[in-house]
Amino acid sequence: MTRSVRVGAAQLGPIARADSRESVVERLLVLLRDGAASGCDLVVFPELALTTFFPRWYLDEGDVEIAGDTTELDSYYETEMPGPLTQPLFDEARRLGIGFCLGYAELTPDGHRYNTYVLVDGGGDIVGHYRKVHIPGHEMHEPERQFQHLERRYFEESPEGFHVHKAFDGIVGMAICNDRRWPETYRVMGLQGVEMILIGYNTPLHYAPDPSQNPLQAFHNHLVMQAGAYQNGTWVIGVAKGGVEEGVESLAQTAIIAPSGQVVAQAATIGDELVVASCDLDMCEKYKKTLFDFDRYRRPEMYGLIAKTGGPRALVEGDPDALKEQHDE
Ligand code: CDT
């Protein structure tokens, strides 16, 4: 019997700064129920799916206390999952017998702030968490930008890395937005046998450091996820929060990508939309056992540099000895 997971990629349209958690959770519940009606086993929501994309604002100066000593910035983080306002999602998932994956800003009891995904099974139980590894953007207010991308101010880099989970009759991993641009994200999970990677994203169409990339956003989005899927023989579910949110236009293009690298289903809108496909997990074997038979064909002893250096410093400085040392290690 083939292992098939029916997945609903639950694209979201904009969430306004003033939108309440309750109203957002209502939208998520609609998509969850759509998923159940479409026969889905799993519904995947995007990155930071409970709030507006708040890193677009520098909130430290003039941050207002909105209740007691809670500031606007603090109000964007969840201190528990599920909490009182997200419990309805867990209850409905259990009632419908459908799993989900939800992106949110996490504030831990010991004060750490992460950009997090939680994976929940069809019984409403938590399978695992993932905390974003690659945090893009900047730390300080850069007023010359049209809008900020202060993820590096508001989130820490995860110290935990990429893990996979036995769930939905297969091996499932998670990544968040900027992670999808890095081949190591997919490969580290590929080396753990991943069969489906869930990736939520918020990608503004305007990239301030190099606007010449603006018209290529859609191309780069699919390019990296299709390559990651094919080169690791895995399904990739890429889920956007798209549309114009607080004046900032973000990429939609939610897509379900097969281990062949083909896009098998794609969003047609830039708003709330469920993109559904049945994903045959056994299809992964076709690639994992042939062209990408890692045990047979990979040459890890040739790739030592990847785990030893962040940037091409030795190459740029033209120091062949430094480079040789890193190869020899
Ligand atoms: N959310 C997120 O990671 N967005 C980034 C935007 C990069 S521009 C600073 C992305 O890689 O899509």
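So which residues in region 253-265 are open to solvent by less than 40 Å² (accessible area, probe 1.4 Å) and in a loop (DSSP other than H, G, I, E, B)?
254, 258, 259, 260, 261
Looking at (1) open to solvent by 40 Å² or more (accessible area, probe 1.4 Å); (2) modelled with pLDDT of 95 or more, which is the only condition residue 319 fails?
(2)
Since residue 173 meets every condition but one in (1) over 19 Å from residue 46 (Cα atoms); (2) more than 15 Å from the ligand (Cβ to nearest atom), which condition does it not meet?
Going through (1) over 19 Å from residue 46 (Cα atoms); (2) more than 15 Å from the ligand (Cβ to nearest atom) one by one, residue 173 breaks only (1).
Here are 134, 138, 149: which of them is touching a Leu at 6+ places or on another chain (Cβ under 8 Å) and in the same structural domain as residue 282 (by TED's automatic domain parsing)?
Answer to the check: 138.
So if I check each of 25, 43, 30, which one is of a type in the set (A, V, I, L, M, F, W, C), more than 16 Å from the ligand (Cβ to nearest atom) and open to solvent by 50 Å² or more (accessible area, probe 1.4 Å)?
None of the other options fit; the residue is 30.
Of the conditions (1) touching a residue at least 40 places away in the same chain (Cβ under 8 Å); (2) under 21 Å from the mean Cα position of the chain (by Cα); (3) crowded, with 18+ Cβ neighbours inside 10 Å, residue 90 clears all except one; give me its number.
(1) is the only condition that residue 90 fails.
For region 266-293, give me the residue count where each residue is small (Gly, Ala, Ser), touching a residue at least 40 places away in the same chain (Cβ under 8 Å) and surrounded by fewer than 20 Cβ atoms within 10 Å (Cβ to Cβ).
2
Just for region 143-165: of the residues that are of a type in the set (Phe, Trp, Tyr) and in a loop (DSSP other than H, G, I, E, B), which one is farthest from the ligand (Cβ to nearest atom)?
162
Of the residues that sit in region 109-126 and are assigned to a strand (DSSP E or B) and crowded, with 18+ Cβ neighbours inside 10 Å, which one is farthest from the ligand (Cβ to nearest atom)?
Filtering first and then ranking leaves 120.
Of everything in region 127-142, what is charged (D, E, K, R) and either under 14 Å from the mean Cα position of the chain (by Cα) or not in a loop (DSSP other than H, G, I, E, B) (or both)? Give them in sequence order.
131, 132 - these are the residues of region 127-142 that are charged (D, E, K, R) and either under 14 Å from the mean Cα position of the chain (by Cα) or not in a loop (DSSP other than H, G, I, E, B) (or both).
Being open to solvent by less than 50 Å² (accessible area, probe 1.4 Å) and not in a loop (DSSP other than H, G, I, E, B) narrows it down to one residue among 48, 102, 59; which is it?
102 is the lone residue from the list that is open to solvent by less than 50 Å² (accessible area, probe 1.4 Å) and not in a loop (DSSP other than H, G, I, E, B).
Which count do you get for residues in region 231-252 that are on the phi > 0 side of the Ramachandran plot and surrounded by 24 or more Cβ atoms within 10 Å (Cβ to Cβ)?
Here the count works out to 1.
Which condition number does residue 78 fail, the rest of (1) closer than 23 Å to residue 172 by Cα; (2) open to solvent by less than 30 Å² (accessible area, probe 1.4 Å) being met?
(1)
Which of the residues belonging to region 184-201 are within 16 Å of the ligand (Cβ to nearest atom) and open to solvent by 10 Å² or more (accessible area, probe 1.4 Å)?
If the condition is that a residue be within 16 Å of the ligand (Cβ to nearest atom) and open to solvent by 10 Å² or more (accessible area, probe 1.4 Å), then 184 is the only one that fits.
Which one of these is out of contact with any Asp or Glu (no Cβ under 7 Å at 6 or more places or on another chain) and either modelled with pLDDT of 95 or more or not charged (D, E, K, R) (or both): 92, 106?
So the residue among 92, 106 that is out of contact with any Asp or Glu (no Cβ under 7 Å at 6 or more places or on another chain) and either modelled with pLDDT of 95 or more or not charged (D, E, K, R) (or both) is 92.
Which of the numbered conditions does residue 140 fail, given that it passes all the others? Conditions: (1) open to solvent by 40 Å² or more (accessible area, probe 1.4 Å); (2) more than 16 Å from the ligand (Cβ to nearest atom).
(2)
Go over the candidates 244, 194 one by one and state the one that is closer than 22 Å to residue 129 by Cα and either of a type outside the set (Gly, Ala, Ser) or part of a loop (DSSP other than H, G, I, E, B) (or both).
Every option except 194 fails the conditions.
Are any of the residues in region 215-230 away from the ligand (no atom under 15 Å from the Cβ), open to solvent by less than 10 Å² (accessible area, probe 1.4 Å) and in the same structural domain as residue 273 (by TED's automatic domain parsing)?
Yes, region 215-230 contains a residue that is away from the ligand (no atom under 15 Å from the Cβ), open to solvent by less than 10 Å² (accessible area, probe 1.4 Å) and in the same structural domain as residue 273 (by TED's automatic domain parsing).
Mind listing just one residue for me: the one in region 127-136 that is open to solvent by 40 Å² or more (accessible area, probe 1.4 Å) and within 14 Å of the ligand (Cβ to nearest atom) and, of those, nearest to residue 42 (Cα to Cα)?
131
The values are calculated or read from the model by the stated rules, or taken from the named source; none is laboratory data. Since the structure is predicted, the reported quantities are computational estimates derived from the model, not experimental observations. Positions of Cβ are backbone-derived with ideal geometry, glycine not excepted, and every protein chain shown enters the neighbour counts. Remember, those area values only see protein heavy atoms, side chains included, never the ligands or the DNA or RNA. Shrake-Rupley method; radii C 1.70, N 1.55, O 1.52, S 1.80 Å.
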